[in-house]
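Rule-based calculations on the coordinates, nothing more; no lab input. A quick note: this is a predicted structure, and the numbers were derived from the prediction, not measured. No Cβ is skipped: glycine too gets one built from the backbone with ideal geometry, and neighbour counts run over all protein chains shown.
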Amino acid sequence: MTRIAIAGFQHETNTFAPADTTLSDFQRQGAWPALTRGGEVFRVFDGLNIPIAGFISACAHEMIPILWAMAEPGGFVTEEAFETIANEIVTGIVEARPDAAYLDLHGAMVTRQHPDAEAELLQRIRREMGPDFPIAVSLDLHGNLSPAFFEAATVVTIYRTYPHTDFAQTGARAAALLDRAMKAPLFGAFRQGDYLTPITAQTTEFSPARDLYAGLDRHGAVSLDVALGFPPADIPHCGPSIFAYADTQAAADAAAEAAAAHLAEIEPLFDAGLIPAAEAVARAMALPGPVIIADPQDNPGAGGTSDTTGILRALLEAQAPDAVVSMLHDPSAAAAAHAAGEGARISVRLGGTHTQYSQPLEVEVTVEALSDGRFRCSGPMFGGSEADLGPVARLRIADTGIQVIVGTERSQNLDQEFFRVAGIEPVEHDIICVKSAVHFMADYKRITPNILFAVAPGANPCDLSSIPFTRLRPGVRR
Ligand SMILES: [Zn+2]
């Protein structure tokens, strides 16, 4: 009986974000499960759209779950968090003595000591288990991968949608690819792209990324995948990468070259599509509602603080008659609203804790609704997953039609339940503002095709020329 150790350790690190990502950030629940160990992995992930869940469903072998941990994208992962979780994974694999391992990783994790953290993890496993030990990895489309990572993995497969609706499908593909690699040797080829693309331009909802991913099956490989990279990461291997596996080295090389050529060809077509916040609000007010305004530069799903006030100010200045905003990360405003109770009118300082991006908004609000912040996601990305965002409150800025939902846990609004938790049905409002770059589209595009990407300062700069890189490898354009 073949025995496979399985584990997950996901983080997307924005090295420019103001707050480090700690062990406690991995231990707590957010919009996905809290750190989960051992056999609990089978129970917690059953039926969820998460890579390890897809692997478990598709794998026909005995599985030994070690642990699974993920934190909201943010600043550098602390050495304590990395060492604690990595050690537990490596020790768990060594003690289980399995025939192979599957890892559910992101590919853009960075610690100050390990700028290539996933390669470090794989190398540690390899050192213990030997050069022939099969290691299959599934990755996020936003991974920043290196040759060292490619060398340490046996096979790699990557999400092919952004918004990522194919988490479980990718895990299932990793199971099939691992099986294939254990039956007969596969040859791998790795290439890196030499330009960065703004995150809002990477969506597979539109070209050019849609065509790039649709064409992957045409190049004759057993498996061919592309990561477009995660730009706000000041590391040498920031940028796109290509992983091909085939029955011969020549076939793997040819497939990787074909994907690299396609990637090179579409470079001029990636357009961030951003418009200034005031213009976005004016355009939204001129259109029949509902209209969605995304705030990609404050997307907590890319390390944003999720509490900037730029778009909120633009709504106030334009006196937008009916606008709803979710979710502003503001534990103290949520606590003040809970202390005051529904119906109360209170003075608050909303958001703006990191004044390099925006100032707090000092306003009177009425407390419209309170919630414990627990809900079940219902959209295509995390449908079925339970979220726990701590105390949540819906605040109406006094004497305006602008309502803001404040939450205690920083989490990306990628599901309409981020509004419903506080009693708002998004489709009923003229302007819907989301702290998200692209993932919101999976669920919200059902409401309206009228989507605007507004520019307000935040920790996820989508205008790549403004990012103060110092460590990109030579030749990487942006
Ligand atoms: Zn991603």
Exercise. If you take just the strands (runs of 3 or more DSSP E) that sit entirely in the range 159-249, which of them hold at least 2 residues that are surrounded by 24 or more Cβ atoms within 10 Å (Cβ to Cβ)?
Worked result: 223-227, 241-246
Exercise. Can you pull out the residues in the range 118-142 that are within 16 Å of the ligand (Cβ to nearest atom) and either touching a Ser or Thr at 6+ places or on another chain (Cβ under 7 Å) or closer than 17 Å to W68 by Cα (or both)?
Worked result: E118, V137, S138, L139, D140
Exercise. If you check E118 against the conditions, is it surrounded by 24 or more Cβ atoms within 10 Å (Cβ to Cβ) and of a type in the set (D, E)?
Worked result: yes
Problem set entry | G351, sole failed condition from (1) surrounded by 24 or more Cβ atoms within 10 Å (Cβ to Cβ); (2) under 21 Å from Q416 (Cα atoms) | (2)
For this session: State all residues of the range 386-406 that are part of a loop (DSSP other than H, G, I, E, B) and crowded, with 24+ Cβ neighbours inside 10 Å; if no residue qualifies, say none.
Result: L389
Problem set entry | In the range 93-117, the residues that are in contact with a Pro (Cβ under 9 Å, 6 or more places away or on another chain), in a loop (DSSP other than H, G, I, E, B) and within 15 Å of the ligand (Cβ to nearest atom) | H106
Problem set entry | Residues of the range 273-303 that turn out to be in a loop (DSSP other than H, G, I, E, B) and surrounded by 19 or more Cβ atoms within 10 Å (Cβ to Cβ), as a count | 5
Problem set entry | Members of the range 143-162 that are within 12 Å of the ligand (Cβ to nearest atom) and of a type in the set (A, V, I, L, M) | I158
Exercise. Quick check, is F45 touching a residue at least 12 places away in the same chain (Cβ under 8 Å), more than 25 Å from H329 (Cα to Cα) and aromatic (F, W, Y)?
Worked result: yes
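Residues are listed down the side, and each one gets a yes or a no for (1) small (G, A, S); (2) more than 26 Å from R477 (Cβ to Cβ):
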residue: F167; (1), (2): no, yes
residue: R180; (1), (2): no, yes
residue: G193; (1), (2): yes, no
residue: L216; (1), (2): no, no
residue: V222; (1), (2): no, yes
residue: T248; (1), (2): no, yes
